[in-house]
Structures are given as C-alpha cells and as structure tokens.
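**Q** First, the structure itself, so that you have it in front of you.
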C-alpha cells in the first residue's frame, strides 16, 4: 500500500477548489452545523463523509468530488454556484477561476448562473458565441426562451439593472453623478426594449387568435357542411 501511494500522483487543489473549501466553511457555520452534525446529514442523504473528511475538505486537503458538492448543496439548500465562486459580484471585483485565470466577478457569476460564456468574445462574434453556449449548456425550453428576442431583451435589461444596483456600493470620484445618470438611462432603455418585445409578442398572438377565430366562423367549426353552427 505504501508503495502504491508513493507512486500515485496527488491531486492538487486549484483556485476553484480553494474557493469551494472556503465556501464549505462559510455555509456550514451559517447553518450552525458542527462537522459531526453535517456528517450525519450527509450519511442520511446517502453520501457519507466522516467529520474528519469534512475538516480536511475545509482545509483544502481533500478534494470535493462532484457527488460531494451536490450533496453539500442539498444539505445547505443552495445552488452549486454558491460553492464555486466567492460571494462578490461587482464588476469592479475580480475572482480566480480554474482554467480562466482572474476574471471580473460579475462575469463569473453570469457564467455560473448559466447566462453567458465566461470569456466575452468580440462584438462581431458575441451573438454566435451566446447561441453556441445556449445550445451546449441549456435544456430545450430554457434554450428557446434565452435565444428568443424577448429573452435576449430581458437578459440585457437584467445586466443593466444589475450594474445600476451595484453602483450604490461603488466608491467613485469625479463624474459619479454623470456615471449614475448614464447607468440609469441605459437601464431604462433596456427595460423599454424588453417591454416592447413583450408587447410585440402579445400583438402577434392577438392577430393569430383573430385569424383563427375568423377561419372557424367561415368554415363552421364542427358543422361539416361549411355552414356556421349556432
């Protein structure tokens, strides 16, 4: 056994692994669990991890597997993103993600929330990249909603409103009032665009309904002889 361990390559915990370890400590303490209590919950859930193993995970001395991660999420009633990233998402913050390096925190959370690719492409290829991302990352209904004009407009509005909301936490000097005004105008424009898209769909639906009802009245739905049925 000693010889096998000697020849076995140890698994190095990278930046995301260290974030997972830190979030495990944070979430366990927030829930008020001891490592022993958490171990009991995991055992009841069918994914046993001893208290000593949890302690090693919190110190980033033991790798958290995909099954471990999901079991922790269930125990703490959170999404996987709550483990994978630090709890900061301001555009002026940065986080380190394995394989991507240091990236803006808001971009990392948008990616972890299944909203867009992590690495923002050039404007010429952004639409194609987002479509490919949706095709590979989302189930059919969510994918169709995301790629629909209404879905795109709502995503843009959400981004602008998020930037506007985060402004309150920024420490900005100089033209801070103008910057806020610009963010406010941009958010209003995006919300108006999203509403216009929704209204357009409503109009199209009404037109389709009138056309269908008109066709039924002409053919006499259920009459069979082309005459209207009272």
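The values are calculated or read from the model by the stated rules, or taken from the named source; none is laboratory data. Note that the structure is predicted; figures quoted are calculated from it, not measured. Every residue, glycine among them, receives a Cβ derived from its backbone with ideal geometry; neighbour counts consider all protein chains shown.
**Q** Restrict the check to the range 98-109 and report whether at least one residue is at positive phi and either assigned by TED's automatic domain parsing to the domain that holds residue 188 or without any contact (Cβ under 8 Å) to a residue 24 or more places away in the chain (or both). Break it down stepwise before answering.
**A** Step one: of the range 98-109, the residues at positive phi are 99, 101.
Subset that is either assigned by TED's automatic domain parsing to the domain that holds residue 188 or without any contact (Cβ under 8 Å) to a residue 24 or more places away in the chain (or both): 99, 101.
Yes.
**Q** Inspect the range 128-135 for any residue being loosely packed, with under 11 Cβ neighbours inside 10 Å, modelled with pLDDT of 70 or more and in a loop (DSSP other than H, G, I, E, B) and give the result as yes or no.
**A** There is no residue in the range 128-135 that is loosely packed, with under 11 Cβ neighbours inside 10 Å, modelled with pLDDT of 70 or more and in a loop (DSSP other than H, G, I, E, B).
**Q** Check residue 63 against each of (1) within 18 Å of the chain's Cα centre (by Cα); (2) touching a residue at least 40 places away in the same chain (Cβ under 8 Å); (3) surrounded by fewer than 16 Cβ atoms within 10 Å (Cβ to Cβ) and name the one condition it does not meet.
**A** Result: residue 63 fails condition (1) only.
**Q** Going by the structure shown, is residue 74 farther than 30 Å from residue 167 by Cα, in the same structural domain as residue 28 (by TED's automatic domain parsing) and either surrounded by fewer than 16 Cβ atoms within 10 Å (Cβ to Cβ) or touching a strand residue (DSSP E or B) at 6+ places or on another chain (Cβ under 6 Å) (or both)?
**A** yes
**Q** Using the structure shown, decide if residue 149 is touching a helix residue (DSSP H, G or I) at 6+ places or on another chain (Cβ under 6 Å) and without any contact (Cβ under 8 Å) to a residue 40 or more places away in the chain. If you could, list the steps in order and put the result at the bottom.
**A** Numbers: touching a helix residue (DSSP H, G or I) at 6+ places or on another chain (Cβ under 6 Å): yes; without any contact (Cβ under 8 Å) to a residue 40 or more places away in the chain: no.
So residue 149 does not fit the description; no.
**Q** Still on this structure, I have one more. Could you check how many residues of the range 82-126 are modelled with pLDDT under 95 and in a helix (DSSP H, G or I)?
**A** Selection size over the range 82-126: 9.
**Q** Quick one: which residue in 25, 13 is modelled with pLDDT under 95, closer than 30 Å to residue 105 by Cα and touching a helix residue (DSSP H, G or I) at 6+ places or on another chain (Cβ under 9 Å)?
**A** 13 is the lone residue from the list that is modelled with pLDDT under 95, closer than 30 Å to residue 105 by Cα and touching a helix residue (DSSP H, G or I) at 6+ places or on another chain (Cβ under 9 Å).
**Q** Is one or more of the residues making up the range 39-60 touching a residue at least 40 places away in the same chain (Cβ under 8 Å) and surrounded by 16 or more Cβ atoms within 10 Å (Cβ to Cβ)?
**A** So far as the range 39-60 goes, yes, one or more of its residues are touching a residue at least 40 places away in the same chain (Cβ under 8 Å) and surrounded by 16 or more Cβ atoms within 10 Å (Cβ to Cβ).
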